[in-house]
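To start, the structure under review is shown below, and the notes come after it.
The values are calculated or read from the model by the stated rules, or taken from the named source; none is laboratory data. Computed from a predicted structure; not experimentally measured. Don't worry about glycine lacking a Cβ; one is built from the backbone with ideal geometry, like all the others, and counts go over all protein chains shown. We work out accessible area using only protein heavy atoms, side chains counted, and drop any ligands, DNA or RNA first. Shrake-Rupley method; radii C 1.70, N 1.55, O 1.52, S 1.80 Å.
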Amino acid sequence: MLKLMYITNRTDVARVAQAVGVDRIFVDMEYIGKDARQKGLDTVKSHHTVEDVKKLRQVLTSSELLVRVNPIHEASESYGSSEEEINAVIEAGADVIMLPYFKTVEEVKRFLGIVGGRVKTMLLMETPEAAALAEQIVKLPGIDEIHLGINDMSLGYGMKFMFDLLADGTVDRLCSIIRAAGIPYGFGGIAALGKGMLPSEHVICEHYRLGSSFAILSRSFCNTNLIPEIERIEPIFREGVGAIRAFEAECSLHPERYEENRRIVIEKVEAIRALNN
């Protein structure tokens, strides 16, 4: 089964997600440079803090606590250095720390050096520059996991739809490199079954074809900004995660369907691209 991750800083939502089997609660502290590169796009900008990490640490018992920090940076008048941020997140109780938006091998080395094996590390490979260096990056010691951020990567390539990278073979190529290095990996996000521009069923099947281990439950799975009442959120999670798990079980039994699903994915992505041109 895929390790499912959900972004939230709400303890009540975290409890519900944990209870229905979401594997990781995802605190998103990244904000440096993010507004500028995603200007005008309908993307999630969470602005979570170390205090959110501390709060969630108190309620999580079976789900892991994943924290996305900022890209490698120096201290300024507005914020501390990467060393200060990562040390604070570790002290607050993170189980896994994710490094986003890196472009060089040196940035990854610095991140791994700061963490120093104290918690698990996950690289968010989401720039064309990082993708070009994938074969060098996967050789670095201390990388526990890699997630392919296909939204920002598609923007970096000048594409309009993040699943273009799934259709054109980019995700296949990167997964092959990471798999050969023996590092667990995942990519992108998934909506509730039957939802999404590229329906979730097709995306999940691609995860299985590619040997993926992780997926983020997208905002469209359950947008808690639009549905604040926990009484309404709980059945969405319970039914939605249950449906995904049931579909995964079915998918895992029929690997002979994977190539046909890939053909359908390519056709649907091409149709979506044509509508957007």
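The gain in end-to-end length when the Ile264 to Tyr157 segment is fully stretched comes to 36.2 nm, 0.36 nm per residue minus the alpha carbon separation. Roughly how many Å² is the accessible area per residue of segment 154-238, as a whole number, for a 1.4 Å probe? For segment 154-238, the per-residue accessible area is 41 Å². Computed from label points 7 Å out along Cα-Cβ, the spacing between Ser220 and Asp95 is 2.8 nm.
Ordering Gly21, Ala75, Pro184 by Cα displacement along the dipole of the chain toward the positive end leaves Gly21 in first place; charges were set at the Cβ atoms of Lys, Arg (+1) and Asp, Glu (-1). Placing +1 on each Lys and Arg Cβ and -1 on each Asp and Glu Cβ, with no other charges, gives the chain a dipole about its Cα centre of roughly 200 debye. Couplings 3J(HN,Hα) for segment 139-153, derived from phi with the Karplus relation 6.51 cos²θ - 1.76 cosθ + 1.60 (θ = phi - 60°), are 7, 6, x, x, 8, 8, 8, 9, 10, 8, x, 7, 5, 5, 5 Hz, where x marks Gly and Pro.
Ligands, DNA and RNA left out, the 1.4 Å accessible surface of the chain is 52% carbon and sulfur atoms.
Ranking Ser200, Leu123, Ile230 by Cα position along the charge dipole of the chain, where only Lys, Arg, Asp and Glu carry charges on their C-beta atoms, puts Ser200 farthest toward the positive end. A full extension of the chain between Glu74 and Lys139 corresponds to an added length of 20.8 nm, given 0.36 nm per residue minus the alpha carbon distance. Taking trypsin sites (Lys or Arg not before Pro) across segment 172-203, the ones in a DSSP loop with at most 15 further Cβ atoms lying within 10 angstrom of their Cβ are Lys195.
Taking every Cα-Cα distance in the chain and sorting them into 10 Å bins from zero, the calculated P(r) comes out as 6, 29, 37, 23, 4, 0 percent.
Charged side chains reduced to their Cβ positions (Lys and Arg at +1, Asp and Glu at -1) give segment 96-249 a dipole of some 280 debye around its Cα centre. Legend: residue pairs Lys3/Lys268; Lys54/Lys103; Lys3/Lys109; Lys34/Lys268; Lys160/Lys268, Cα-Cα distance threshold 20 Å; pairs beyond threshold, Lys3/Lys268; Lys54/Lys103; Lys3/Lys109; Lys34/Lys268. Each of Val53, Pro141, Ala271 was placed along the dipole of the chain (beta-carbon charges, centred on the mean Cα), and the one lying farthest toward the positive end is Ala271. The figure for Asp168 is an accessible area of roughly 80 square angstrom, using a 1.4 Å probe on the protein chains alone. The longest part of the chain holding none of the exposed loop GluC sites (Glu not before Pro), meaning those outside H, G, I, E and B in DSSP with at most 14 other Cβ atoms within 10 Å, is 78-228.
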